[in-house]
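In what follows, a single structure is set out as structure tokens and then discussed.
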Amino acid sequence: MNKRNLFRSQGFTNAVSSISAICVGLLFGLVILFVSNSSQALQGLGIILKGGFSARARGVGQSLYYATPIIMTGLSIGFASKTGLFNIGASGQFIVGAFVAIFIGVKLQLPESLAWSHWIIALLCSMIAGGLWALIPGLFKAYLNVNEVISSIMMNYIGMYGVNYFVKLYVYDSLKALSQNVAETAVIPKWGLDHIFFNMTGNYKDTATINAGFYIAIAAAIVIYIVLNKTVFGYELKACGYNRFASKFAGINEKRSIVLSMVIAGMLSGLGGGLLYLCGANGRRIKVVDVIAPEGFNGIPVALLGLSNPIGIIFAALFVAHITMGGEYLQQLNYVPEIIDIIIAIIIYFSAFSLLLRNVISKLFRDRHVELVSDTGPAGKPGRFAGASAGLNDGVEKEDK
Amino acid sequence: METIIFLVQQTWFFSIPLLIVALGGMYSDRSGVTNIALDGIMIIGAFSSIFFINQMQDIMSGQPLLLLAVLVSVLSGMITSLFHAYASINLKSNQVISGTALNMFAPAFAIFTARMVQDNHVQQILFRNTFRIESVPVLGDIPIIGGFFFQNNYITTYIGFAVLAVAAIVLYKTKFGLRLRACGEHPHAADSVGINVYRMRYAGVLISGALAGLGGLVFVIPTSTNFNATVAGYGFLALAVLIFGQWKPIRILFAALFFGLMKTIASTYSGIPLLASLPVPSDIYKMVPYIATLIVLAFTSKTSQSPKASGIPYDKGGR
């Protein structure tokens, strides 16, 4: 590929606009650090940028472990928005998937010969559970015209309270007030990652929580990329998101497409729950508190930063996880870790400027008559948020006449 | 009777914030800008006004302090919503982006500032509740109605009803309301008859910011004695109430009351003899408002009509 082609590619302009938003966000972060404690501000920024690397290999492993669920929820929200739906219900699908994975991880008794498949069964079930949880908003949207945003918000709360109830009923460790550890066979294997991400303290090998779940998340992103961009099925789903009525006219079963989009998005979130919670002793457990799972909402900035592109979402999730880990280490300088959320929020806000910026970049590198225009979503009679969510996608190239 | 009066009084505490915030969202949506930042703006409004009360409560107390806090919450809400307005109107960006950014920014900002500014470096902001009205003079003595509306209440409840009345009149009986609705339905048509779409949309978003900020304060005052950087997802629930209420003021009132009543039953069922005797665990009760809303929605949404242009940036040169 020659240099000119690289600059002309849309991926390049998108990446540049995201990276400049990140720079602005970090700059604001530095200002905030200066305001709160000027003497250590630069050191603080260094810690944020170092992220997981502050704790060497184990720290990096931890940030990859943290990235795994938000890759999945980011994919879920990104996929739904490519198909014209705003999946704000990723939290509910995530926590329901997590519970089902833990339930099977704790309760399922397999004969010796089948024990190897325990974690696979648990993951598959978490996926199905997430999909079923999203099926309800999908059906409601397609057949009853219920806005998917409102039904998903309701499903978030129902899922949260339901999971709290069932955790306390079936898999509760009342000493720690957390969900129980899953069986050894239900822990996702490491597949060699424990040989990379560990720290030696004397003779003790301190291994990071990361496991093959990370590979699975990457694989899921690639599968979604292929489905969306290389298959007729993906094309139909996208067409439906772009204009439901035109798709119907073109012979696509638009109701089926809406339901399937929602279910696939739910499966991704549910799988994310399984991937996070099927881990060894030092990993996460479900806390029984009346708070909606934050991983679902964190998927929204990841999807936005990754421009709803599955590959972009991987990098966005890695970045968010990286600086979130940095925020944890920032506490040693007496800074408040919430500063990271502020930085991410500012990055997201400035990515709103990206259209402006993309036009500037395209003017710098592109032929004059090719221009990026804003994608304002389905014309005609859009559903609420349909325009907004379609707008999550990249700008669309248009040739001037 | 005691129980019913108690239920009604509690229902206000849950319904009024939802009502105010959903009405705020209505102005924004009707002008053509989807405001999913309601939750974040509520948090900022609650944070700044509760912090104001925290600082001023040694000097003053009671209703004057609360009214000043109301002003603070309204102002801070408007300022916050300016960011959303600028991104989604001037920059024509996707309206979910700035909404998400604000929702993420608000709790982080509240925690960060509280821990930086307060001497004890904790994120909770404490306040003394000196605002409860035991009984409104004269009106509180009316049998039944006095119990429902004028005892054990807060001045914010009446502000909520005032907001509702103003919203119903403004939206349907004034020039401004007509123009606002036109901008949300067909901005190009509105533009062609000389309405400044950008200005109307700014007005819509600013009003929604003011009301969301107010809603944050109204939510925290009766239900707690400290502010912990959260409004328990009420901004998202208000969004649900707004859709449930079909973007119409009176229907929003009923949606908010319905949801508030369900929520009250869920949180006070142990005080209701009939429900307390049933062998149903508390988590199931907590689910009831959400399940009930879903069921009602399933039966009422077939003819749902959102403002047509909501969520779509207005471009003068567009078709």
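The values are calculated or read from the model by the stated rules, or taken from the named source; none is laboratory data. Every value quoted in this text rests on a predicted model; they were computed, and no experiment measured them. Here the Cβ positions follow ideal geometry from the backbone for every residue, glycine too, while neighbour counts run over all protein chains shown. All accessible areas refer to the heavy atoms of the entire protein, side chains included, with ligands and DNA or RNA removed. Shrake-Rupley method; radii C 1.70, N 1.55, O 1.52, S 1.80 Å.
Any chance the range A:139-147 includes a residue that's without any contact (Cβ under 8 Å) to a residue 40 or more places away in the chain and under 15 Å from A:Ile286 (Cβ atoms)?
As a first pass, look at the range A:139-147 and keep what is without any contact (Cβ under 8 Å) to a residue 40 or more places away in the chain: A:140, A:144-146.
Subsequent filtering for residues that are under 15 Å from A:Ile286 (Cβ atoms) retains none.
Looking for residues that are without any contact (Cβ under 8 Å) to a residue 40 or more places away in the chain and under 15 Å from A:Ile286 (Cβ atoms), one finds none in the range A:139-147, hence no.
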Quiz item: Would it be correct to say that A:Ile311 is crowded, with 20+ Cβ neighbours inside 10 Å and on the phi < 0 side of the Ramachandran plot?
Solution: no
Quiz item: Quick one: which of A:Phe350, A:Phe319 is within 19 Å of A:Ala21 (Cα to Cα) and either over 19 Å from the mean Cα position of the chain (by Cα) or outside any helix (DSSP H, G or I) (or both)?
Solution: A:Phe350
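Among the candidates A:Gly251, A:Gly241, A:Gly213, A:Gly159, which residue alone is open to solvent by less than 70 Å² (accessible area, probe 1.4 Å) and on the phi > 0 side of the Ramachandran plot?
On the way: A:Gly241 fails: on the phi > 0 side of the Ramachandran plot; A:Gly213 fails: on the phi > 0 side of the Ramachandran plot; A:Gly159 fails: on the phi > 0 side of the Ramachandran plot.
Being open to solvent by less than 70 Å² (accessible area, probe 1.4 Å) and on the phi > 0 side of the Ramachandran plot holds for just one of A:Gly251, A:Gly241, A:Gly213, A:Gly159, which is A:Gly251.
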Quiz item: Is one or more of the residues making up the range B:106-117 touching a helix residue (DSSP H, G or I) at 6+ places or on another chain (Cβ under 6 Å), open to solvent by 50 Å² or more (accessible area, probe 1.4 Å) and farther than 17 Å from B:Gly216 by Cβ?
Solution: yes
Exercise. Output the qualifying pairs, or none if there are none: Cβ atoms under 6 angstrom, residues six or more apart or on different chains, first residue in the range A:30-45 and closer than 12 Å to A:Leu330 by Cβ, second residue surrounded by fewer than 17 Cβ atoms within 10 Å (Cβ to Cβ).
Key: A:Ser36/B:Met116; A:Gln40/A:Leu333; A:Ala41/A:Phe34; A:Gly44/A:Leu333; A:Leu45/A:Leu30
Quiz item: Does B:Gly146 satisfy the condition of being farther than 20 Å from A:Ser351 by Cβ, in contact with a helix residue (DSSP H, G or I) (Cβ under 7 Å, 6 or more places away or on another chain) and surrounded by fewer than 23 Cβ atoms within 10 Å (Cβ to Cβ)?
Solution: yes
Self-check item: Residue selected from the range B:304-319 under the condition facing chain A (nearest Cβ under 8 Å) and of a type in the set (Ser, Thr, Tyr), by the criterion farthest from B:Gly245 (Cα to Cα)
Solution: B:Ser310
Quiz item: Restricting attention to the range B:244-277, which residues are at the interface with chain A (Cβ under 10 Å from one of its Cβ atoms) and either outside any helix (DSSP H, G or I) or among the hydroxyl-bearing types (Ser, Thr, Tyr) (or both)?
Solution: B:Trp247
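Tell me yes or no: at least one residue of the range B:25-42 is without any contact (Cβ under 8 Å) to a residue 60 or more places away in the chain and either over 24 Å from B:Phe161 (Cβ atoms) or in contact with a Lys or Arg (Cβ under 6 Å, 6 or more places away or on another chain) (or both).
Narrowing the range B:25-42 to residues without any contact (Cβ under 8 Å) to a residue 60 or more places away in the chain: none.
No, every residue in the range B:25-42 fails to be without any contact (Cβ under 8 Å) to a residue 60 or more places away in the chain and either over 24 Å from B:Phe161 (Cβ atoms) or in contact with a Lys or Arg (Cβ under 6 Å, 6 or more places away or on another chain) (or both).
Name the helices (runs of 4 or more DSSP H) wholly inside the range B:98-195 in which the number of residues that are more than 17 Å from B:Pro222 (Cβ to Cβ) and modelled with pLDDT under 90 is 1 or more.
Values: elements: B:145-149, B:155-173, B:175-185, B:187-192.
Because the criterion is at least 1 residues that are more than 17 Å from B:Pro222 (Cβ to Cβ) and modelled with pLDDT under 90, the helices (runs of 4 or more DSSP H) in the range B:98-195 that meet it are B:145-149.
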Quiz item: From the list B:Val241, B:Val288, B:Val280, B:Val231, which residue is within 11 Å of another protein chain (Cβ to nearest Cβ), more than 25 Å from B:Pro187 (Cβ to Cβ) and surrounded by 20 or more Cβ atoms within 10 Å (Cβ to Cβ)?
Solution: B:Val241
Quiz item: Restricting attention to the range B:103-116, which residues are of a type in the set (A, V, I, L, M, F, W, C) and either without any contact (Cβ under 8 Å) to a residue 40 or more places away in the chain or at the interface with another protein chain (Cβ under 7 Å from one of its Cβ atoms) (or both)?
Solution: B:Met104, B:Phe105, B:Ala108, B:Phe109, B:Ile111, B:Phe112, B:Met116
Self-check item: Members of the range B:291-305 found to be over 21 Å from B:Ile265 (Cβ atoms) and open to solvent by 20 Å² or more (accessible area, probe 1.4 Å), listed by number
Solution: B:Lys302, B:Thr303, B:Ser304, B:Gln305
Quiz prompt | Single condition A:Asn229 does not satisfy, out of (1) in contact with an Asp or Glu (Cβ under 9 Å, 6 or more places away or on another chain); (2) within 26 Å of B:Val96 (Cα to Cα); (3) among the polar types (S, T, N, Q) | solution = (1)
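Given the structure, is A:Val106 outside any helix (DSSP H, G or I) and over 24 Å from A:Ile224 (Cβ atoms)? Step through it out loud before you land on a result.
Working: outside any helix (DSSP H, G or I): no; over 24 Å from A:Ile224 (Cβ atoms): yes.
Criteria not met by A:Val106.
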Quiz item: So, in the range A:136-179, of the ones that are among the aromatic types (Phe, Trp, Tyr), more than 8 Å from chain B (Cβ to nearest Cβ) and assigned to a helix (DSSP H, G or I), which residue ends up farthest from B:Ile295 (Cα to Cα)?
Solution: A:Tyr170
Quiz item: B:Leu261 passes all but one of (1) open to solvent by 20 Å² or more (accessible area, probe 1.4 Å); (2) touching a residue at least 24 places away in the same chain (Cβ under 8 Å); (3) more than 24 Å from B:Thr3 (Cα to Cα); (4) of a type outside the set (Ser, Thr, Tyr); which number fails?
Solution: (3)
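Quick grid of which residues meet (1) of a type in the set (A, V, I, L, M, F, W, C); (2) in a helix (DSSP H, G or I); (3) farther than 22 Å from A:Asn309 by Cβ; (4) without any contact (Cβ under 8 Å) to a residue 12 or more places away in the chain:
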residue	(1), (2), (3), (4)
A:Thr185	no, yes, yes, no
A:Ile188	yes, no, yes, no
A:Met200	yes, no, yes, yes
A:Lys205	no, no, yes, yes
A:Ala219	yes, yes, no, yes
A:Leu228	yes, yes, no, no
A:Tyr235	no, yes, no, yes
A:Cys240	yes, yes, no, no
A:Phe245	yes, yes, yes, no
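Considering only residues of the range A:49-83 that are within 14 Å of chain B (Cβ to nearest Cβ) and open to solvent by less than 10 Å² (accessible area, probe 1.4 Å), which is farthest from A:Gly270 (Cα to Cα)?
Initial filter on the range A:49-83 (within 14 Å of chain B (Cβ to nearest Cβ)): A:70, A:73-74, A:77-78, A:80-82.
Retained after the next criterion (residues that are open to solvent by less than 10 Å² (accessible area, probe 1.4 Å)): A:70, A:73-74, A:77-78, A:80-81.
Numbers: A:Ile70: 11, A:Thr73: 8, A:Gly74: 12, A:Ile77: 12, A:Gly78: 15, A:Ala80: 14, A:Ser81: 17 Å.
Looking at the filtered set, the residue picked out is A:Ser81.
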Quiz item: Of the numbered conditions (1) more than 12 Å from chain B (Cβ to nearest Cβ); (2) open to solvent by less than 40 Å² (accessible area, probe 1.4 Å); (3) farther than 30 Å from B:Ser88 by Cα; (4) in contact (Cβ under 8 Å) with a residue 24 or more places away in the chain, A:Ile258 satisfies every one except a single condition; which is it?
Solution: (3)
